[in-house]
Amino acid sequence: MKQIIVDAIRNRQVLTFTYSGITRSVEPHAVGISRTGKEVLRCFQTHGGHITPGHEWDLCELNKISDLKTSGAVFQAPRVDYRRGDRHMTLIFAEL
């Protein structure tokens, strides 16, 4: 799973997956280890439901992601409000 995410970040590919029972489409921006020691994905959600409406930026635990796929769509650049070196991660495997 982690390698699919790393490749998607490098190739700017949109990912789809289920998280918290909700299907989502996201632009992956970083993948790494959180301050709590969990593997996580920092992503910007472009489609799908939300637990908290209006909350487009997510930090998703990899072990809670299911049905992960690349969608075939690509995005051109990081979101304007993205900051490299995510402060919620102690180690980053890949980022935009």
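Of the numbered conditions (1) basic (Lys, Arg); (2) assigned to a strand (DSSP E or B); (3) surrounded by fewer than 16 Cβ atoms within 10 Å (Cβ to Cβ), residue 42 fails exactly one; give the number of that condition.
(3)
When you look at residue 81, is it part of a loop (DSSP other than H, G, I, E, B) and among the charged types (D, E, K, R), yes or no?
Against the criterion (part of a loop (DSSP other than H, G, I, E, B) and among the charged types (D, E, K, R)), residue 81 qualifies.
Based on this model, can you work out whether residue 25 counts as within 10 Å of the chain's Cα centre (by Cα), polar (S, T, N, Q) and surrounded by 14 or more Cβ atoms within 10 Å (Cβ to Cβ)?
It is true that residue 25 is within 10 Å of the chain's Cα centre (by Cα), polar (S, T, N, Q) and surrounded by 14 or more Cβ atoms within 10 Å (Cβ to Cβ).
Which members of region 54-82 meet the condition of being surrounded by 12 or more Cβ atoms within 10 Å (Cβ to Cβ), farther than 18 Å from residue 23 by Cα and not hydrophobic (A, V, I, L, M, F, W, C)?
Across region 54-82, the qualifying residues are 78, 79, 82.
Coordinate-derived values only; no laboratory data. Computed from a prediction, not measured in an experiment: that's the story for all the values here. Note that each Cβ is placed from the backbone with ideal geometry, even for glycine, and that neighbours are counted across all protein chains shown.
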